[in-house]
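Data block below; observations after.
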Amino acid sequence: MVRGRGFDSRRLHQIPETRSRLTSRLFSFLALRIAMPVPSVCKQTKTPPELNRFGRYTAPMKISTATLLLALSALFAMPCHAGKVLLSPGMTGEGGATANIGLARGWDQRWFESDTGYLSGYWHAGYTWWEGGRAGSAAHTLSVSPVFVYTFNTEGWRPFLEAGIGAALFTSQRVGDRNLGSPAHFEDRFGAGLHLGASDVLMLRVIHYSNAGLSRPNPGIESWSLVWGRSF
């Protein structure tokens, strides 16, 4: 007769998984689930090629959602000490819904310190879902941006302003009912908010996406959102 072994609580301390690794595996699993049953996700758009500003044809592109999720899982696998998770529901200027989840990692440097405040910043990596329109399904974005933040020295809740310019990659050049001209875009952001204690932030943020005329058309698109973040 073989006797069963009892549960040893000390084994809990031997588990090597960290929160960042678990998050990475979750996004990898979602990517594989999306990639397998939906082969049409990677289809190219049917819109005809258009001339860019240099007089060259730009072939329509559509990057699979699975590819973006796999890339995002790699970003979330980075060491996350002094990190912050940001959640931001929002909408476009045309009324389409958006939702963003981001990971921010603060910089150690501070500049222009005074009695008024100081300048600092962070790296932001995010994933955005865009509601589909009458002409197509939902779009997805993976973005990376350096963000500069000026924090005011006040008692209690501390106000701040932030701005940054980064890069974004869309799964399709069509978002809602708008043809953006290309899947690759610059990401310009501006935000204003409050530090709520040591770990939480609340902010209003607007992000503008544009290909800077490298492809045509170039109507651009904005996302207005309410952002809540918590440090971990």
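A short reminder: the numbers here are calculations on the coordinates, not readings from a lab. Predicted model only: the values in this text are computed from it and were never measured. Ideal geometry is used to build each Cβ from the backbone, glycine not excepted, and the neighbour counts take in all protein chains shown.
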* Asked: Are any residues in region 127-166 in a loop (DSSP other than H, G, I, E, B) and either within 13 Å of PHE190 (Cβ to Cβ) or of a type in the set (Phe, Trp, Tyr) (or both), and if so, which ones?
  -> TRP157
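Here is a yes/no grid of residues against (1) assigned to a strand (DSSP E or B); (2) surrounded by fewer than 17 Cβ atoms within 10 Å (Cβ to Cβ):
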| position | (1), (2) |
| --- | --- |
| MET91 | yes, yes |
| GLY95 | no, yes |
| THR98 | yes, no |
| GLY102 | yes, no |
| ASP108 | no, yes |
| ASP115 | no, yes |
| GLY121 | yes, no |
| ALA125 | yes, no |
* When both residues are 6+ apart or on different chains and their Cβ atoms are under 8 Å apart, which pairs have a first residue that lies in region 83-108 and is closer than 28 Å to ARG134 by Cβ and without any contact (Cβ under 8 Å) to a residue 40 or more places away in the chain, and a second that is exposed (fewer than 15 other Cβ atoms within 10 Å of the Cβ) and not hydrophobic (A, V, I, L, M, F, W, C)? -> ALA97/PRO89; ALA99/PRO89
* Residue ID - farthest from ALA138 (Cα to Cα), chosen from residues in region 170-203 that are touching a His at 6+ places or on another chain (Cβ under 8 Å) and in contact (Cβ under 8 Å) with a residue 60 or more places away in the chain -> VAL201
* Restricting attention to region 138-154, which residues are free of Cβ contacts under 8 Å to residues at least 12 places away in the same chain and surrounded by 15 or more Cβ atoms within 10 Å (Cβ to Cβ)? -> ALA138
